[in-house]
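The values are calculated or read from the model by the stated rules, or taken from the named source; none is laboratory data. Keep in mind that what you see is a predicted model, and the values were worked out from it rather than measured. Methodologically, a virtual Cβ is constructed for each residue, glycine included, from the backbone with ideal geometry; neighbour enumeration extends over all protein chains shown.
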């Protein structure tokens, strides 16, 4: 492919990603299954997402904008990073509707596995198995080196790189994990047949 063709393909992929983040959280959560995400070259294939909408009582944005959730009301593609239990960071990507975001719950590691293992070993006695490096939102963020310093950053530009799958992946929709409200909404999406999920679908 010549330079002109490469630039045209890059523009097409960028347009597709812009269209995806312009969707509401449920649409973006589906579009991200099978996509690849890298942070400074470390990352892999997204195999599990969870959608949150502003009209969702389980969402951080449900009661309006606060200092903590301000990034959720940012431009589509903004990174929303928050900390749970004072220890684990969780990485979300803001969707097109204000207050909508998608939590990345699990990745299939593809690049930078040594860096992932080193980061993950800081909280364990030894580096976890490859299958568990990014299986769960806290593990995923730690393995990618995503922390509160990236809250509010543009997840569509450096150090982030996102490439959507060329076609919609085979996926399963199921109830979201770990919630006490709105548990009937089938807004957890998982890549069919993946062994890298946080929990079986």
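Within the range 36-62, the residues that satisfy the criterion of being at pLDDT 95 or above and either closer than 14 Å to residue 101 by Cα or surrounded by 21 or more Cβ atoms within 10 Å (Cβ to Cβ) (or both) are 37, 39, 42, 43, 44, 45, 46, 47, 48, 49, 50, 51.
The set of residues in the range 99-112 that are in a loop (DSSP other than H, G, I, E, B) and within 15 Å of residue 45 (Cβ to Cβ) contains only 112. Which members of the range 166-176 meet the condition of being crowded, with 16+ Cβ neighbours inside 10 Å and in a loop (DSSP other than H, G, I, E, B)? Passing the criteria: 169, 176. Within the range 126-148, the set of residues being without any contact (Cβ under 8 Å) to a residue 24 or more places away in the chain and more than 18 Å from residue 46 (Cβ to Cβ) comprises 126, 127, 128, 129. The condition of being in contact (Cβ under 8 Å) with a residue 60 or more places away in the chain, more than 19 Å from residue 15 (Cα to Cα) and touching a strand residue (DSSP E or B) at 6+ places or on another chain (Cβ under 7 Å) holds for only one of 186, 197, 179, that being 197.
Looking across the range 148-165, the residues that are in a strand (DSSP E or B) and either closer than 19 Å to residue 106 by Cα or in contact with a helix residue (DSSP H, G or I) (Cβ under 6 Å, 6 or more places away or on another chain) (or both) come down to 160, 161, 162, 163.
Within the range 65-91, the set of residues being in contact (Cβ under 8 Å) with a residue 12 or more places away in the chain and on the phi > 0 side of the Ramachandran plot comprises just one member, 77. When 121, 115 are checked against the criterion of being at pLDDT below 90 and more than 21 Å from residue 176 (Cβ to Cβ), a single residue qualifies: 121.
Determine whether the range 131-140 contains at least one residue that is in a helix (DSSP H, G or I), touching a helix residue (DSSP H, G or I) at 6+ places or on another chain (Cβ under 8 Å) and surrounded by fewer than 19 Cβ atoms within 10 Å (Cβ to Cβ). Scanning the range 131-140 turns up at least one residue that is in a helix (DSSP H, G or I), touching a helix residue (DSSP H, G or I) at 6+ places or on another chain (Cβ under 8 Å) and surrounded by fewer than 19 Cβ atoms within 10 Å (Cβ to Cβ). Does residue 82 fit the bill of being modelled with pLDDT of 90 or more, surrounded by fewer than 22 Cβ atoms within 10 Å (Cβ to Cβ), touching a strand residue (DSSP E or B) at 6+ places or on another chain (Cβ under 7 Å) and within 25 Å of residue 182 (Cα to Cα)? In short, yes.
Yes or no, residue by residue, for (1) surrounded by fewer than 17 Cβ atoms within 10 Å (Cβ to Cβ); (2) under 16 Å from the mean Cα position of the chain (by Cα); (3) part of a loop (DSSP other than H, G, I, E, B):
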{"position": "86", "(1), (2), (3)": "yes, no, yes"}
{"position": "97", "(1), (2), (3)": "no, no, yes"}
{"position": "121", "(1), (2), (3)": "yes, no, no"}
{"position": "143", "(1), (2), (3)": "no, yes, no"}
{"position": "146", "(1), (2), (3)": "no, yes, yes"}
{"position": "181", "(1), (2), (3)": "yes, no, yes"}
{"position": "190", "(1), (2), (3)": "no, yes, no"}
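Taken over the range 30-64, the criterion of being free of Cβ contacts under 8 Å to residues at least 40 places away in the same chain and more than 15 Å from residue 92 (Cβ to Cβ) is satisfied by 55, 63, 64.
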